[in-house]
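Structure, as structure tokens:
The values are calculated or read from the model by the stated rules, or taken from the named source; none is laboratory data. Given the structure is predicted, the values throughout are model-derived calculations rather than measurements. Cβ coordinates were reconstructed from backbone atoms using ideal geometry, including for glycine residues, and neighbour counts include every protein chain displayed. Accessible surface areas use protein heavy atoms only, side chains included; no ligands, DNA or RNA. Shrake-Rupley method; radii C 1.70, N 1.55, O 1.52, S 1.80 Å.
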Amino acid sequence: MPKGGRRWGAMAEDRESRGNTFGVKTIPTAAVILGGIWFLLSGHTSGLILGLGVVSCVFTVWLVARLGLLNEEGVLSNVRLVGLLSYAVWLFVEIVKANLDVAKRIIAPGESIDPVIVQVPATQRTDVGRVIHANSITLTPGTLSIGVSSDEIEVHALSSAAAEELLQGEIGRRVTAIEAPADLADRAETGDV
């Protein structure tokens, strides 16, 4: 056994013994949904690009299923999908506002750029929640997640105002709100969903 961890095969055996296996329809269905979203967002119709898109979608869904992040219906088991959609709209608005702030700081002579590194509390119960939180911070212009632990995210901010806004915790609260209830997330981890 490798030092400091378990073999991948042992983890797969544990998942199978818990009943966290996937039906024949699950992976193809999730791949088709992901492929449809990819096609709508990319709009590419050349054969090579479509083929690479299909391969990447199938590989991504297989990898997510292998990691045990999908439930039997092929849905992320740690996230409320309806909440995720409303969060995506809110995050888009925040990204636009942050873009305008960064542009103003670059163009306007009186605006200051005073980089700072802060520790933002991570209140999410799951790894998926913390990843969504950290990636949301990185997607927002002027901030960059540079480290993630179980209880905080280290962030580089372009200005102290951006850092203060992060420390207020609105992104963290919204991400925590889209996580599945604790009992559902626990059942997903044990394969009881």
Closer than 18 Å to Val96 by Cβ and buried (at least 20 other Cβ atoms within 10 Å of the Cβ), is that true of Ala162?
yes
Restricting attention to the stretch 8-18, does a residue exist that is surrounded by 11 or more Cβ atoms within 10 Å (Cβ to Cβ) and either assigned to a loop (DSSP other than H, G, I, E, B) or at pLDDT 85 or above (or both)?
yes
If you take just the strands (runs of 3 or more DSSP E) that sit entirely in the stretch 85-193, which of them hold at least 2 residues that are closer than 24 Å to Val64 by Cα and modelled with pLDDT of 90 or more?
143-148
List, please: which pairs have Cβ atoms under 7 Å, are six or more places apart or on different chains, and start with a residue in the stretch 105-117 that is farther than 14 Å from Glu164 by Cα and open to solvent by less than 80 Å² (accessible area, probe 1.4 Å) and end with one that is modelled with pLDDT of 85 or more and not in a loop (DSSP other than H, G, I, E, B)?
Glu111/Lys104; Glu111/Arg105
Could you please give the count of residues in the stretch 128-159 that are free of Cβ contacts under 8 Å to residues at least 12 places away in the same chain and exposed (fewer than 14 other Cβ atoms within 10 Å of the Cβ)?
1
